[in-house]
Amino acid sequence: MNATADNRLIRPATEGDLDALFDICLKTADGGTDGSAFFSDKRLPGYVWSVPYFKFEPECAFVLVENGRTIGYVLGAPDTARFEETLEQHWWPDIRRMIADMTPKLRDDAKAFHRINHPERTPQWLLADYPAHLHINILPGAQSSGWGRRMIDTVLDALAKAGAPGVHLGLHPQNERAKGFYSHLGFEDISRDGHVLFARRLDR
């Protein structure tokens, strides 16, 4: 277990957190707010942005728990290129079969289907210095509590121990609060090609 205070703690994710990983991902899928109204299959966001990290990089998967309830997660992959190849071989084929007969009905269905069927590969220029990446989400009612920084520190430590020299993450273009948050944590704005990207070295 990690830091505890205010009836909250950060601990490694377990199989018992899978439903929460799906749920938190859904309820933060609309730029950090609830995306439940925009996906006909409520697990679609989790298939892309949360559950595969626990499945394939469990040593870099942590959850924030409050009074026994999982209310947030931070997930990382120390080698993004390897992670993307692992998903192509061992994750996406099953998910593609699961959604094969589904048709887009709600606003973000088509976007999720595209991410599953045609996942983007991270460009080499980004991986050269920042091969790791991370995702963090906390339920809207529990945000701005100071725990986000502790969660980031936890996953950065795990990524560094796994040998990653640097880490990157992508942000929603309009998420100014997140930009300030990561800048305060020592991340540098390296946005390029229309993507909002922040990165930080881990070997200094």
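The values are calculated or read from the model by the stated rules, or taken from the named source; none is laboratory data. Note that the coordinates shown come from a computational prediction; the quantities given were computed from them, not determined experimentally. Reconstructed Cβ throughout: ideal geometry from the backbone, glycine too, with neighbour counts over all protein chains shown.
Here His172 passes the criteria (1) surrounded by fewer than 17 Cβ atoms within 10 Å (Cβ to Cβ); (2) closer than 28 Å to Lys42 by Cα; (3) modelled with pLDDT of 95 or more; (4) of a type outside the set (A, V, I, L, M, F, W, C) except the one numbered (3). The listed residues are Arg115, Arg96, and the only one of them that is loosely packed, with under 14 Cβ neighbours inside 10 Å, touching a residue at least 12 places away in the same chain (Cβ under 8 Å) and not small (Gly, Ala, Ser) turns out to be Arg96. Scoring Asp17 on the criteria (1) farther than 18 Å from Leu169 by Cα; (2) charged (D, E, K, R); (3) modelled with pLDDT of 95 or more; (4) surrounded by fewer than 21 Cβ atoms within 10 Å (Cβ to Cβ) leaves a single failure, condition (4). In segment 57-87, of all residues being of a type in the set (Val, Ile, Thr) and under 12 Å from the mean Cα position of the chain (by Cα), the one that is surrounded by the most Cβ atoms within 10 Å (Cβ to Cβ) corresponds to Val74.
Quick check on my filter: what residues within segment 97-116 are under 20 Å from the mean Cα position of the chain (by Cα) and within 19 Å of Tyr53 (Cβ to Cβ)? Selection gives Ala112, Arg115, Ile116.
Listed by position, the helices (runs of 4 or more DSSP H) enclosed by segment 122-204 that each have at least 1 residues that are under 15 Å from the mean Cα position of the chain (by Cα) and touching a residue at least 12 places away in the same chain (Cβ under 8 Å) are 147-161, 176-184. Across segment 31-56, the qualifying residues are those that are hydrophobic (A, V, I, L, M, F, W, C) and without any contact (Cβ under 8 Å) to a residue 60 or more places away in the chain, and the one among them that is surrounded by the fewest Cβ atoms within 10 Å (Cβ to Cβ) is Phe56. Condition check for Lys42 on (1) over 25 Å from Thr80 (Cα atoms); (2) at pLDDT below 95: one failure, at (2).
Taking the criterion of being among the aliphatic types (A, V, I, L, M) and closer than 14 Å to His114 by Cβ, the residues of segment 32-50 that qualify are Leu44, Val48.
All told, Leu44 falls short of being in contact with a Ser or Thr (Cβ under 7 Å, 6 or more places away or on another chain), over 11 Å from His135 (Cβ atoms) and among the aliphatic types (A, V, I, L, M).
Against the criterion of being among the acidic types (Asp, Glu), under 15 Å from Val74 (Cβ atoms) and surrounded by fewer than 19 Cβ atoms within 10 Å (Cβ to Cβ), Asp193 does not qualify. Of all residues in segment 47-78, those being in contact with a strand residue (DSSP E or B) (Cβ under 7 Å, 6 or more places away or on another chain) and closer than 14 Å to Ala132 by Cα number 9. If I filter segment 90-98 for residues that are among the acidic types (Asp, Glu) and more than 27 Å from Ala132 (Cβ to Cβ), do I get at least one hit? Checked segment 90-98: no residue is among the acidic types (Asp, Glu) and more than 27 Å from Ala132 (Cβ to Cβ).
A quick yes/no check of all residues on (1) surrounded by 13 or more Cβ atoms within 10 Å (Cβ to Cβ); (2) closer than 19 Å to Tyr53 by Cβ:
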| site | (1), (2) |
| --- | --- |
| Ala132 | yes, yes |
| Ala142 | yes, no |
| Gly146 | no, no |
| Ala160 | yes, yes |
| Ala164 | yes, yes |
